[in-house]
Each structure stands twice: as C-alpha cells, then as structure tokens.
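The values are calculated or read from the model by the stated rules, or taken from the named source; none is laboratory data. Given the structure is predicted, the values throughout are model-derived calculations rather than measurements. Please note: Cβ atoms are built from the backbone with ideal geometry, for glycine as well, and neighbour counts cover all protein chains shown. Keep in mind that these areas ignore ligands, DNA and RNA; they rest on the heavy atoms of the full protein, side chains included. Shrake-Rupley method; radii C 1.70, N 1.55, O 1.52, S 1.80 Å.
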Amino acid sequence: MTRTLILTRHAKSSWDSPALADHDRPLNKRGRRSASAIAAWLRENDWLPDEVLSSSSVRTRETWERMGLQADTVCFQRTLYHADPADMLLELSGATKQTVLILGHNPGIAAFANQIVKHPPDHARFYDYPTCATAVIRFDIADWSGVRWHSGDVQGFVIPRELLV
C-alpha cells in the first residue's frame, strides 16, 4: 500500500503593513496567482489531498483557500507555524487519509523535504524551497505512523515561476 504527501510552502506574502505580526501577514498579488497555479498543476496530475495539515498563519490559510481544492479533513494548527522537521514528522505520523497536504513555512519545510525523501529531485530550487514550491512524495507504507526519514520517492516538484509563463 502507498501514501502520498503533498508538501507546499505558503505562497508569497505581503509586507505592505509592517506593523502586522508575522503570523497575520496575508498573501500579495503574486502569491494569490501562485496558489491558483499550483492547484491547477495538482489537479492536472490528479494529485489531490484527502487531508490537509496546515500552519494556522493567515498566509497558509489564504494559500489553501486560493488553491480552491477540497479535502475531507482540513486542520489549521499552531504547531505547524514555523515548525521544525521533527514536529512536522510527528504531525504527519498522526494523519489518517491516503493523500495528505502539509502547508507550512521555511526554513522547516525545506529541511523537512530534504530529510523525508530518499533522493532529492534534480531541481536546484528543491533545497531552498521558494514560496509555494510543491513536492509530491510517495511512501510505501500502510499508514502514516510508518513514515520514516529518507523513505519517500519524489513524484513531482514544481515552483510557481515554472507554471506562470
């Protein structure tokens, strides 16, 4: 049996209101376009989440909303706000659906991506995971409690700039 992880960094956020707390920053215009483009790429490849585990920040919530996708379960969690890789793995290990989307922040999401895959994709931007970068990773496990470091096979990786041509 297999499980699929969709790992997405939030889209580009706005810095127009410097007084806003980091947690409260919304997306900017480019970020809104990027979230829609990533969703189209996921739909095109039939990689659609059944469960979403997301940071509780405004920009991750808005990224999910702008993606316009549906999922059986959507959880916005403060524990995923600037989470480190170990915390992300812990959250993922409790997931219950076949295909899970984690929506988070750097530097944690880049570090998590690099630690969860067997072999990184041949893409220079995988290592720094720019805004709205998305990887689709398959695991040969019966349930998410069996997920381990360096065990995922990358099925696809894209950054919005490649889609917004």
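Shown in residue order for segment 7-17 are the 3J(HN,Hα) couplings computed by the Karplus curve 6.51 cos²θ - 1.76 cosθ + 1.60 at θ = phi - 60°: 10, 10, 7, 3, 6, 4, 9, 8, 10, 5, 10 Hz (x for Gly and Pro). With θ taken as phi - 60° and the Karplus curve 6.51 cos²θ - 1.76 cosθ + 1.60 applied, the whole-hertz 3J(HN,Hα) list for segment 104-116 is x, 10, 8, x, x, 5, 5, 5, 4, 4, 5, 8, 8 Hz, x standing for glycine and proline.
Among the trypsin sites (Lys or Arg not before Pro) found in segment 58-165, those both in a DSSP coil and sparsely packed, with 14 or fewer other Cβ atoms within 10 Å of their Cβ, are K118, R148. Here the Karplus relation 6.51 cos²θ - 1.76 cosθ + 1.60, evaluated at θ = phi - 60°, turns the backbone of segment 144-155 into coupling constants of 5, 5, x, 5, 9, 4, 6, 10, x, 9, 5, 9 Hz, with x for every Gly and Pro.
Rounded, prolate or oblate, given the Cα gyration tensor of segment 44-163, with a/c below 1.5 counting as rounded? Since a/c stays below 1.5, the shape of segment 44-163 is classed as rounded. For K97, the aspartates and glutamates whose Cα comes closer than 17 Å to its Cα, not counting residues fewer than 8 places off in the same chain, are D46, D50, E51, D72, D140, D143.
Rounded to the nearest 20, the Cβ-based charge dipole of segment 2-162 about its Cα centre (Lys and Arg +1, Asp and Glu -1) stands at 480 debye. The accessible-area ordering, largest first, of the residues H119, H23 stands as H119, H23, per a 1.4 angstrom probe. Less than 5 angstrom separates the built amide H of N28 from those of S13, S14, all sequence-distant by 5 or more or on a different chain. Full extension of the chain segment joining Q77 with A111 gains 10.3 nm, where the gain is 0.36 nm per residue of separation less the Cα-Cα distance. Here the sum of -39500 (n - 2.57) over DSSP H runs of 4 or more residues, divided by the residues of the chain, equals -8500 deg cm²/dmol at 222 nm, to the nearest 500. The chymotrypsin sites (Phe, Trp or Tyr not before Pro) of segment 1-67 that DSSP puts in a loop, and whose beta carbon has at most 11 other beta carbons within 10 Å, are W15. Largest accessible area first, the listed residues M1, M88 line up as M1, M88 when surface is computed with a 1.4 Å probe on the assembled protein chains. Amide H contacts of A133 (H built 1.01 Å from N, in plane; Pro and chain starts excluded): R9 sit under 5 Å, all sequence-distant by 5 or more or on other chains. Amide H contacts for L101 (H built 1.01 Å from N in the peptide plane; partners 5 or more residues away or on another chain; cut-off under 5 Å): I6, D50, E51, V52, L53. Considering only Q70, P120, A35, the residue lying farthest towards the positive end of the dipole of the chain is A35, judged by Cα position with unit charges set on Cβ.
Counting only DSSP beta bridges whose two residues both lie in the chain, roughly 45 percent are antiparallel. Counted residue by residue at 0.36 nm each, then reduced by the alpha carbon distance between them, the extension gain from D84 to A40 reaches 13.0 nm.
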